[in-house]
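Here's the structure, in structure tokens; my notes come after.
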Amino acid sequence: MKIAAICETHAVGIIPHFTGPVATAALVNGLSTFSGPVIMEYNYGGSPINYLPECLDFNKVKALTNDCPGLGVTVDLKQMTLVGEISEPGHKNVYFRPDGSLTHW
């Protein structure tokens, strides 16, 4: 939002990068008040996402919101797979997974 405020001050548009459907819902929510031009990258193009029974709907060039509270996204955790867990941080903010491998967070 700080970057969006700087862009708005200098009359510059913003193009946030696609990171996933839940993050895209957060970006749509956060940038809905941005007065400048916004171009969103979205890779799913109307295809249903099996672990998101309720999500934003993109119809051609517009994001259509729904009546769900918050970001408008419902995640079905039963269809998700746990990839890894994060253990206690080591020294200097280095994190390790339970198997001893390094991770960023």
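The values are calculated or read from the model by the stated rules, or taken from the named source; none is laboratory data. On a predicted model such as this, the values are computed, not experimentally measured, just so you know. So basically every Cβ, Gly included, is an ideal-geometry build from the backbone, and we count neighbours across all protein chains shown.
Consider residue 74 carefully, then state whether it is surrounded by 10 or more Cβ atoms within 10 Å (Cβ to Cβ), within 19 Å of residue 24 (Cβ to Cβ), at pLDDT 80 or above and not charged (D, E, K, R). Criteria met by residue 74. Looking across the range 39-64 at every residue that is part of a loop (DSSP other than H, G, I, E, B), modelled with pLDDT under 80 and over 15 Å from the mean Cα position of the chain (by Cα), the one that is nearest to residue 28 (Cα to Cα) is identified as 61.
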